[in-house]
1. So A175 clears everything in (1) in contact with a Gly (Cβ under 7 Å, 6 or more places away or on another chain); (2) closer than 24 Å to M249 by Cα; (3) among the small types (G, A, S); (4) surrounded by 18 or more Cβ atoms within 10 Å (Cβ to Cβ) except one condition, right? Which one?
2. Under 6 Å between Cβ atoms, at least 6 apart or on separate chains: pull out the pairs that start in segment 16-39 with a residue that is within 16 Å of P222 (Cβ to Cβ) and end on any residue that is of a type in the set (D, E, K, R) and in a helix (DSSP H, G or I).
3. Considering only residues that are assigned to a helix (DSSP H, G or I), at pLDDT 90 or above, surrounded by fewer than 19 Cβ atoms within 10 Å (Cβ to Cβ) and among the small types (G, A, S), which ones fall in segment 225-262?
4. Return the residue satisfying two criteria in turn: it lies in segment 100-133 and is free of Cβ contacts under 8 Å to residues at least 12 places away in the same chain and among the charged types (D, E, K, R), and of such residues it is nearest to the ligand (Cβ to nearest atom).
5. Kindly list, by first and then second residue, each pair from a residue in segment 182-200 that is within 17 Å of R218 (Cα to Cα) and free of Cβ contacts under 8 Å to residues at least 40 places away in the same chain to a residue that is open to solvent by 20 Å² or more (accessible area, probe 1.4 Å) and within 6 Å of the ligand (Cβ to nearest atom), limited to pairs with Cβ atoms under 7 Å and residues at least 6 apart or on different chains.
6. A159: open to solvent by 10 Å² or more (accessible area, probe 1.4 Å) and part of a helix (DSSP H, G or I), yes or no?
7. Taking A168 and the conditions (1) of a type in the set (A, V, I, L, M); (2) under 30 Å from P93 (Cβ atoms); (3) more than 13 Å from the ligand (Cβ to nearest atom), which numbered condition does it fall short on, given that it satisfies the others?
8. Can you run down the residue pairs with Cβ atoms below 8 Å, 6 or more apart or on separate chains, where the first is in segment 149-169 and closer than 18 Å to G116 by Cβ and the partner is charged (D, E, K, R)?
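The values are calculated or read from the model by the stated rules, or taken from the named source; none is laboratory data. In this text, all values refer to a predicted model and were calculated from it rather than measured experimentally. In this analysis, Cβ positions are derived from the backbone assuming ideal geometry, glycine residues included, and neighbour counts consider all displayed protein chains. When the accessible area is computed, the model is the full protein with side chains, heavy atoms only, and any ligands, DNA or RNA have been set aside. Shrake-Rupley method; radii C 1.70, N 1.55, O 1.52, S 1.80 Å.
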Amino acid sequence: MKIEGMAAVVTGAGSGLGAATAGALARAGARVALFDLDDAAAVGVAERTGGFAVRCDVADAASVADALAAAAVRHGPARIVVHCAAISIGRVPLVGGDPAERLTKFARQLRINLDGALNVLSLAADAMRALAPLDDGERGVVVNTASVAAFEGQAGSAAYSASKGGIAALTLPAARELAPLGIRVNAIAPGIFDTAMIAGLPDYVRDLYLADCVFPKRFGAPDEFAELALAIVANRMLNGEVIRLDGAMRLPAAADFLHRAGVVAAPDAN
Ligand SMILES: NC(=O)c1ccc[n+]([C@@H]2O[C@H](COP(=O)([O-])OP(=O)(O)OC[C@H]3O[C@@H](n4cnc5c(N)ncnc54)[C@H](O)[C@@H]3O)[C@@H](O)[C@H]2O)c1
């Protein structure tokens with residue numbers, strides 16, 4: 001899809017990968033609505049990049065519907081949706097502790113990351129139905145954000161991995177289901193990118209991740225994510241695909257990484 005002049009929505013646009021994508025879309029001539037739960041952050045990004053900010057909790061279907069409606073009043077229904085909003089709640093151990101608390105944490109992680117993706121995808125696609133088809137009958141394109149943790153999640157992060165695995169798994173069926181409407185669905189599975197999400201990691205944990213970066217030997221830059229998101233939007237043949245963007249890195253093996261990081265006891269301590 002040609003980007004110039006199109007209405008676009010970016011979720012999680014107040015920070016990191018979403019902020020970079022909102023900026024890249026605006027520079028490419030899209031009319032961008034920046035959705036984020038942190039509306040002050042989204043306003044700040046919008047002031048720098050162009051577009052306008054809308055407060056939105058992606059985990060709440062009514063909030064997503066309201067935000068999409070507000071964006072549509074300004075720009076018309078979005079043909080381009082890049083969904084980046086998510087959280088990582090950290091370690092949720094599978095054994096020990098309070099089972100009810102474990103389930104609460106698990107449900108929160110899935111609600112924000114997976115229900116959030118479904119809310120944005122389904123409500124945005126529903127609004128796209130009203131749009132006239134473009135070349136090849138295309139009405140819109142949705143780019144979700146999974147993670148390499150969908151494929152090689154680490155010990156302690158079953159909840160986050162499950163949420164991202166869900167996003168990866170729904171990509172093909174969603175693309176198949178929305179094909180008659182001319183809506184493409186893809187996902188990017190980033191490796192480690194330098195954003196607020198990893199800013200809190202201690203240096204030695206960052207070093208462990210860096211050791212597993214293959215080439216280039218560094219974390220990804222948000223602009224590199226944005227570049228791929230725009231390429232997916234532009235290329236009509238890309239559909240139903242989850243694309244790793246990771247410089248060939250694989251997340252470190254769980255026990256070694258986690259016990260060195262002091263997150264779990266070394267295996268022989270049990
Ligand atoms: N940074 C990485 O290394 C990395 C790796 C793999 C996948 N990802 C994924 O990339 C995406 C972007 O992550 P990031 O690194 O830019 O994170 P980030 O923390 O910098 O930005 C996430 C944004 O989402 C917003 N957000 C959180 N919950 C929300 C909600 N319920 N509704 C609306 N907005 C909400 C936050 O306010 C924040 O502005 C996420 O889906 C994340 O899981 C990141």
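1. Only one criterion in (1) in contact with a Gly (Cβ under 7 Å, 6 or more places away or on another chain); (2) closer than 24 Å to M249 by Cα; (3) among the small types (G, A, S); (4) surrounded by 18 or more Cβ atoms within 10 Å (Cβ to Cβ) is unmet by A175, namely (2).
2. A20/D223
3. A231, A234
4. The selected residue is D126.
5. Close Cβ pairs (under 7 Å, with a partner that is open to solvent by 20 Å² or more (accessible area, probe 1.4 Å) and within 6 Å of the ligand (Cβ to nearest atom)) amount to I198/I192.
6. Spelling it out, it is not the case that A159 is open to solvent by 10 Å² or more (accessible area, probe 1.4 Å) and part of a helix (DSSP H, G or I).
7. (3)
8. A149/K164; A150/K164; S157/R91; A159/K105
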